[in-house]
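**Q** Let me begin by handing over the structure; questions about it come next.
The values are calculated or read from the model by the stated rules, or taken from the named source; none is laboratory data. All values reported here derive from a predicted model rather than from experimental measurement. Every residue, glycine among them, receives a Cβ derived from its backbone with ideal geometry; neighbour counts consider all protein chains shown.
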Amino acid sequence: MTVLLFLSIGCGKDVPPYGVSIKDGVGFFSLTGTLSSTYLPGALAYFSTHGIKKVVMEVFSGGGSSYEMWRIISWMEEYSDIEYETRTYGMAGSAALLVYLAGDIRLISRHPTFMWHKAQGYLSKEILRLFDDHSNAYFASRTGLAVDEILAKIEDGEKNKDWYFGAKEAIALGIAHGYIK
């Protein structure tokens, strides 16, 4: 009897999904480490059903799978009634940079590192080119940079290179909108 009472009391609680918090009507969620979309759908559903209209999403990642990146961006677009403020305090590189760019408002600390490069992996040149074309077009659409300007930063003749930059350049190029206050 005691066990049943304990279980029934615990079942009625509205427990937020993993990684979710709410403060003053604003939702918070972090993407840290290698990009993973695992907990995001549940988090966004929770925010939506609880009437949360703004979510602050910290991106602290050196990147990960392009498939995970596009899944995260697609889920953010699916819940278009939510305003996303993406932030980075440390690193948003590779695929994580595009997730950061998916934010409606993009803020940074004074000390972040960003990195962008061409798609990499054990895939055919055609698939890598498809990823690059799609990713660079998205990058350009979110910043005002032209695709050619982006390519100039990540190509050096026949060699590909990583483009690293910090806070001031991110703001100057429209990648970030300003500093976290």
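**Q** Restricting attention to segment 153-178, which residues are more than 17 Å from the chain's Cα centre (by Cα), farther than 18 Å from GLY63 by Cβ and in a strand (DSSP E or B)?
**A** Those that are more than 17 Å from the chain's Cα centre (by Cα), farther than 18 Å from GLY63 by Cβ and in a strand (DSSP E or B): GLU155, ASP156, LYS159.
**Q** Among the residues in segment 115-128, are any at pLDDT 95 or above and polar (S, T, N, Q)?
**A** The answer is no; no qualifying residue exists.
**Q** What residue, among those in segment 99-137 that are assigned to a helix (DSSP H, G or I) and of a type in the set (Ser, Thr, Tyr), is nearest to the chain's Cα centre (by Cα)?
**A** The residue in question is TYR100.
**Q** Please specify each residue of segment 127-141 satisfying the condition of being surrounded by 16 or more Cβ atoms within 10 Å (Cβ to Cβ) and either in contact with an Asp or Glu (Cβ under 6 Å, 6 or more places away or on another chain) or not small (Gly, Ala, Ser) (or both).
**A** Within segment 127-141, LEU128, PHE131, ASP132, ASN136, TYR138, PHE139 qualify.
**Q** In contact with a Pro (Cβ under 6 Å, 6 or more places away or on another chain) and farther than 20 Å from ASP133 by Cβ: which single residue out of THR38, THR88, THR34 fits that description?
**A** Within the list THR38, THR88, THR34, the selection yields THR88.
**Q** Right, something else. Mind checking which strands (runs of 3 or more DSSP E) fall wholly inside segment 11-92 and carry at least 3 residues that are surrounded by 15 or more Cβ atoms within 10 Å (Cβ to Cβ)?
**A** On the way: elements: 21-23, 26-32, 54-60, 83-88.
In segment 11-92, the matching strands (runs of 3 or more DSSP E) lie at 26-32, 54-60, 83-88.
**Q** Another question about this same structure. Using beta carbons and a limit of 7 Å, which pairs, at least six apart or on different chains, have the first residue in segment 134-160 and touching a residue at least 12 places away in the same chain (Cβ under 8 Å) and within 14 Å of LYS118 (Cβ to Cβ) and the second one among the basic types (Lys, Arg) and surrounded by 14 or more Cβ atoms within 10 Å (Cβ to Cβ)?
**A** From segment 134-160, the pairs are ILE154/LYS118; ASN160/LYS118.
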